Amino acid sequence: MKEEKICSEEQTVEEQQATEPDTTTDEADCPAAGAEQQQALQETLQEMEHRLLRLQADFDNYRKRTQRERLEQAVLAEAALVSNLLPVLDNFDRALANLPEAEAGWAEGVQLVYRQLLDVLQQQGLELIDCQRPFDPNVHEAVMRETCDSDVEDGTILQEFQKGYMYKGKLLRPSKVKVAARG
């Protein structure tokens, strides 16, 4: 009876081995399958490397773009603040143009405060638009034209009604001017 039991166990082991795939084969027995598998792994590795490089480049671009947008937002916020201060500068200009002669000490104090405010704004990037040069429609706004003699060139700025300003290279407010025209 023991012999029958041993024989039946050997048969079941043999049956199992016959139905299971052979996992003990060497690559030497099947060199083409190993080379194909290695080639597939190499291709997968190269694809993953390319994906990683693209992902790193995308992240670097995203980081640079957000930093640039953050700086642009800061400049826009600063420009808005400076723009809101321009009427204060205009009022100082009007006050300085109409100061009474008798009050020299008070006038000097107003000029010092105006100069200090203008200096601080210029340190931050505010620039006064020059009206001593010929008319430039990019930075000047012609509110009047006056016919002049031939001794004045066409497009010469005759008078400035309101000062214009640039902020960090961008136009904040154009100068309002009177321009000479040949008649």
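Computed from the coordinates by the stated procedures, all read-outs in this text should not be read as laboratory data. Nothing here was measured: the structure is a model prediction, and the numbers come from that model. Cβ placement follows ideal geometry from the backbone for every residue including glycine, while neighbour counts extend to all protein chains displayed.
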Notebook entry, point to check: Equivalent-ellipsoid semi-axes (√(5λ), Cα gyration tensor) for the range 80-183, whole Å, largest first?
Noted result: 28, 20, 10
Margin query: Using +1 at the C-beta of Lys and Arg and -1 at the C-beta of Asp and Glu, which of V152, L128, G169 has the Cα lying farthest in the positive direction of the dipole of the range 45-183?
Written below: G169
Check: Tell me, F135, F161 in order of fewest to most beta-carbon neighbours within 10 Å?
Finding: F161, F135
Check: With all pairs of different alpha carbon atoms counted, what Kirkwood hydrodynamic radius in Å does the range 85-128 show?
Finding: 11.1 Å
Check: If you rank S175, S83 by fewest surrounding Cβ atoms within 10 Å, what's the result?
Finding: S83, S175
Check: Once the Cβ-Cβ distance between Q46 and R70 is put in as r, and R0 is 41 Å, what FRET efficiency do you end up with, to the nearest 0.05?
Finding: 0.65
Note to self: Within a 10 angstrom radius of the beta carbon, how do V177, V75 rank from fewest other beta carbons to most?
What the structure shows: V75, V177
